[in-house]
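These notes concern the structure reproduced below.
Bear in mind these aren't lab numbers, they're just calculated from the coordinates by the rules spelled out. The model shown is predicted, which means the values in this text are computed figures rather than measured ones. In this analysis, Cβ positions are derived from the backbone assuming ideal geometry, glycine residues included, and neighbour counts consider all displayed protein chains.
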Amino acid sequence: MSAATVEIGTDERRMHVRAYNYWVSLLDGRDFPSIEDLEPGDVTDFADHSVLLDFTCGREDPALPYVGTAIRTECALDSEIATIADVPSRSLLSRLTDHYLQIIANRSPIGFEAEFAGPHGSAICYRGILMPFSSDGDTIDFIYGVINWKSAEASEHAISLAFKPAPTIQSEAATAAEFQDDGFDDAEPAPAGPVLDPDAGLADRLSAARETAESVKAGEGRTRAALYRALSLAYDFAIASRECPADYQQLLGDSGVKAQVRAPMTPVVKLVFGVDYDKSRLTEFAAALSYAGRNAIAMGGFEDFLGGQAGGLKALVAGERQARRPEVRPETRGQAARVRLRSIEPIALGDLPAGEEFALVVVRRNAAGGYDPVALVDDPALIDRAVRKTL
């Protein structure tokens with residue numbers, strides 16, 4: 001397979017932009033979105049082109065609780081597939097699932113694109129993205145993937161192949177043009193904006209920040225410099241609000257925005273850009289402002305601080321998320337389960353409830369060197385997998 005940068009047309013590229021932005025919108029200040037917030041079949045924008053991997057039973061052969069209709073059709077999946085081991089080789093789905101270990105290693109979304117020869121010899125160009133989810137806020141035990149494709153022969157006028165290493169989102173400092181697709185122009189300078197007196201009041205600072213943000217939203221200042229100017233004014237407003245807490249609370253109340261102790265910059269960006277602005281953008285903006293505050297950037301210094309980052313806004317977002325991660329990871333579900341199983345009383349096999357032909361029982365080594373049954377696993381998919389492993 002040759003790695004390639006594939007231009008599969010605007011709609012196909014934007015599908016992965018939307019998928020990434022959807023993932024960001026679910027973060028809510030966490031390292032990973034909660035799996036409880038994801039219903040793959042309900043994400044109508046790309047449900048048919050998505051797949052969910054479940055690692056709760058192990059990493060070697062994760063389960064596949066969801067595979068989208070379009071992927072099933074393309075891969076001719078007439079029967080149910082339970083795990084990665086059931087994925088047909090040289091299928092489009094195998095292109096997607098081949099990358100899942102990178103997610104666990106990098107602890108961040110992975111983007112990839114390439115061309116490969118399908119099972120019938122036809123060349124297929126594809127673009128995919130895998131995004132981590134967690135059930136406990138720390139362990140990556142689910143991965144949600146979205147993939148799109150086109151036949152190279154049928155799309156030779158729509159597909160441009162420039163051979164070079166496929167892009168990987170290994171950190172939030174990935175280029176904005178690839179997965180943010182924000183449409184901002186790097187070359188144009190920021191338009192002239194409001195000039196504030198050093199002693200300007202809180203309401204005046206908010207008004208100036210909103211005016212600049214509105215020009216960005218309305219398309220009058222679609223430059224990255226204009227966005228940076230708006231974020232700089234928002235940051236200065238956040239600093240000034242600490243000196244005027246009563247005025248700040250009044251502004252929050254007037255706008256129907258609630259203060260957030262765990263994410264203090266989120267109300268600030270909502271006040272400036274509006275509560276109806278794209279949630280994923282607001283999350284990134286708040287993270288960037290928080291990172292500046294973490295680095296004690298003085299009033300008026302945010303714009304230069306942001307402009308000096310090699311990864312721009314993404315670099316600040318990545319820095320903030322990295323800083324929020326605890327140095328000592330909390331106990332994982334697997335560790336907690338082992339602790340519990342070490343202390344519970346053994347069970348008698350004769351007391352197991354009658355039911356299916358096969359059962360899966362967890363045993364614990366005892367002091368005499370033998371084994372005691374301690375738990376019954378009530379999971380048909382896992383039982384079936386265990387049975388197949390005996391062959």
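Observations on the model:
- Cα-based convex hull volume of region 38-85 per residue, rounded to whole Å³: 74
- Using the average count of surrounding beta-carbon atoms within 10 Å as a protection proxy, the listed peptides 342-353, 137-148, 103-114 rank, highest first, as 137-148, 103-114, 342-353.
- Length available on full extension from Asp86 to Arg364: 0.36 nm per residue minus the Cα-Cα distance, which gives 97.0 nm.
- GluC sites (Glu not before Pro) within region 40-84: DSSP coil, no more than 10 neighbouring Cβ in 10 Å: Glu60, Glu80
- Taking each of Lys150/Lys314; Lys217/Lys258; Lys150/Lys217; Lys279/Lys314 in turn, the alpha-carbon distance tops 26 angstrom for Lys150/Lys314; Lys150/Lys217.
- Each peptide in 285-292, 297-304 receives the mean, over its residues, of other Cβ atoms within 10 Å, and ordering these scores from highest gives 285-292, 297-304.
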